[in-house]
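Below is one structure, written out as structure tokens; the observations come after it.
The values are calculated or read from the model by the stated rules, or taken from the named source; none is laboratory data. All figures in this text were calculated on a predicted structure; none of them were measured in a lab. Cβ atoms come from the backbone with ideal geometry, glycine included; neighbour counts cover every protein chain shown. Only protein heavy atoms, including side chains, enter the accessible area calculation; ligands, DNA and RNA are left aside. Shrake-Rupley method; radii C 1.70, N 1.55, O 1.52, S 1.80 Å.
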Amino acid sequence: MGSNSNPIPVVSTFTSPFEDSPRANDPNSPFKKPLSLWPGMYHSPVTNALWEARSKIFERLLDPSLDAPPQSELRTKLPSESRTTILYNFSTDYILREQYRDPWNEVRIGKLLEDLDALAGTISVKHCSDDDTMTRPLLLVTASVDKMVLKKSISVDIDLKMSGAAIWVGRSSIEIQLEVNQFANGNNDALESTPLLTANFIFVARDSKTGKAAPINRLSPETEQEKLLYEQAELRNGLRKKKKGEDKRGIENGNVNRLEALLAEGRIFCDMPALANRDSILLRDTRLENSLICQPQQRNIHGRIFGGFLMHRAFELAFSTAYAFAGMMPCFLEVDHVDFLRPVDVGDFLRFKSCVLYTEFENADQPLINIEVVAHVTKPELRSSEVSNKFYFTFTVRPEVKVINNGFRIRKVVPATEEEARTILERMDAEALQ
């Protein structure tokens, strides 16, 4: 190549989710928005579309005046006021289809988890907004995700609809229910009668100045279905509060025998490994781990790491853990629970650690593999490590793989320590309550 060759210019392939936001090198731009008003670039097309829909309130959300007063008067809103729907035009948009395709021509569950988190966040902002630019906005953060069940696989060739609304509100918390539907037989006028996936997200509101819990707008269900969903959510909230008080007492008061039974087989592995059951495996031998430094491109509109990104990464590790454990391609069934215990910031050293907690064999054709993934924010300078998130997933083995691998066997997982046994019992009991 000659010395006079011109360099090839590189420009961003992303467009800003903000109206009228120019590229940095646009000479005709009358103004340029500060970098703090740009959300991270690690997001799916759907997340981008949702953030674009929120663009009119982004500037106030991202750059609020802390001297502005808090919302003084709570409004009462209807569930329909926060209802939001997203359409995936997979049948006609080939680029979108390719972005979501997995190796089995189904929708990538990890990317769908990102979108669900982004949609739930948009709905919570809609409900909690007071439409008053003179007050400082609330900081809304994901607290947890309740059981998310995939009822059947989601084809990437057929259009998809994701929708949701606020279904329950406490003093400073809000529950969002989301549904994913696919159009029947490719007919864009008729949805499947049953949602392919349902998910419930819990958000909590914080004062953007003090960081303390802040009251949010009330919710007034109208229809019989909305009233039923509200009552069910109220019941779940009561169970969550009750469980927090009983978690530690449970094992101390009545489950010592269960604890000992779980540990008995593990002791044989540790003390007499040659005599251990070959159809079992120690929990510690199912572990996998990966690490990353959190990048600015993975942040959300508040400058912290996007919860959907964390769920995506946890899911990928859980899938790999189930694959390495079973020796066959796993099939995702559900997200049992997700806890967001502390925020994750740009620049954090994040470690994901996974294991198979336990297996279930009630249905011989569909053995269940229960995976735990724990995320740790590690600070080597301070010699500290804190748990930021806990994720629980359930997998089985793909039916077509079982046919090929006739006589396949899923091993039983046993704990070697009391801490492992307690974790297993707590998860089993939490599953029984759902």
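Looking only at the range 280-310, how many residues end up being within 16 Å of ASP348 (Cβ to Cβ), in contact with a Leu (Cβ under 7 Å, 6 or more places away or on another chain) and among the hydrophobic types (A, V, I, L, M, F, W, C)? Of the residues in the range 280-310, 2 are within 16 Å of ASP348 (Cβ to Cβ), in contact with a Leu (Cβ under 7 Å, 6 or more places away or on another chain) and among the hydrophobic types (A, V, I, L, M, F, W, C). Within the range 231-260, the set of residues being open to solvent by 60 Å² or more (accessible area, probe 1.4 Å) and modelled with pLDDT of 85 or more comprises GLU231, GLN232, GLU234, LEU235, ARG236, GLU260.
The condition of being under 19 Å from ARG342 (Cα atoms), open to solvent by 30 Å² or more (accessible area, probe 1.4 Å) and either in a loop (DSSP other than H, G, I, E, B) or at pLDDT 95 or above (or both) holds for THR210. Pull up the range 72-84, narrow it to residues that are surrounded by 13 or more Cβ atoms within 10 Å (Cβ to Cβ) and at pLDDT 90 or above, then point me to the one that is nearest to SER172 (Cα to Cα). Of everything passing the filter in the range 72-84, LYS77 is nearest to SER172 (Cα to Cα). Only a single item in (1) part of a strand (DSSP E or B); (2) open to solvent by 40 Å² or more (accessible area, probe 1.4 Å) is not met by GLY347, and it is number (1).
You will find that of GLU386, GLU372, the residue that is free of Cβ contacts under 8 Å to residues at least 60 places away in the same chain and open to solvent by 30 Å² or more (accessible area, probe 1.4 Å) is GLU386 and no other. Within the range 274-324, can you find the residues that are open to solvent by less than 60 Å² (accessible area, probe 1.4 Å), free of Cβ contacts under 8 Å to residues at least 60 places away in the same chain and in a helix (DSSP H, G or I)? Of everything in the range 274-324, those that are open to solvent by less than 60 Å² (accessible area, probe 1.4 Å), free of Cβ contacts under 8 Å to residues at least 60 places away in the same chain and in a helix (DSSP H, G or I) turn out to be LEU317, SER320, THR321.
One line per residue, one yes/no per condition, for (1) within 30 Å of PHE183 (Cα to Cα); (2) outside any helix (DSSP H, G or I); (3) at pLDDT below 75:
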| position | (1), (2), (3) |
| --- | --- |
| LYS33 | no, yes, yes |
| PRO39 | no, yes, yes |
| PHE58 | no, no, yes |
| LEU66 | no, yes, yes |
| PRO70 | no, yes, yes |
| ILE86 | yes, yes, no |
| PHE90 | yes, yes, no |
| GLU98 | yes, no, no |
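Counting only residues that are open to solvent by 10 Å² or more (accessible area, probe 1.4 Å), within 14 Å of the chain's Cα centre (by Cα) and over 13 Å from PRO45 (Cα atoms), how many does the range 105-116 have?
The initial filter retains those residues of the range 105-116 that are open to solvent by 10 Å² or more (accessible area, probe 1.4 Å), namely 105-106, 108-109, 111.
Within this subset, residues satisfying the condition of being within 14 Å of the chain's Cα centre (by Cα) are 108-109, 111.
Subsequent filtering for residues that are over 13 Å from PRO45 (Cα atoms) retains 108-109.
Final tally of qualifying residues: 2.
The rows are residues; the columns are (1) within 25 Å of TYR392 (Cα to Cα); (2) small (Gly, Ala, Ser); (3) modelled with pLDDT of 90 or more; (4) open to solvent by 20 Å² or more (accessible area, probe 1.4 Å).
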{"residue": "ILE123", "(1), (2), (3), (4)": "yes, no, yes, no"}
{"residue": "THR135", "(1), (2), (3), (4)": "no, no, no, no"}
{"residue": "LEU140", "(1), (2), (3), (4)": "yes, no, no, yes"}
{"residue": "MET148", "(1), (2), (3), (4)": "yes, no, yes, no"}
{"residue": "ASP159", "(1), (2), (3), (4)": "no, no, yes, no"}
{"residue": "ARG171", "(1), (2), (3), (4)": "no, no, yes, yes"}
{"residue": "GLN182", "(1), (2), (3), (4)": "no, no, yes, no"}
{"residue": "GLY186", "(1), (2), (3), (4)": "no, yes, no, yes"}
{"residue": "GLU192", "(1), (2), (3), (4)": "no, no, no, yes"}
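Being acidic (Asp, Glu), within 20 Å of THR423 (Cβ to Cβ) and modelled with pLDDT of 95 or more is not true of GLU265. For first residues located in the range 204-228 and farther than 15 Å from VAL141 by Cβ, partners that are open to solvent by 80 Å² or more (accessible area, probe 1.4 Å) and modelled with pLDDT of 90 or more and lie 6+ apart or on another chain with Cβ distances below 6 Å form the pairs PRO215/ARG171; ARG218/THR76; SER220/THR76; PRO221/LYS227.
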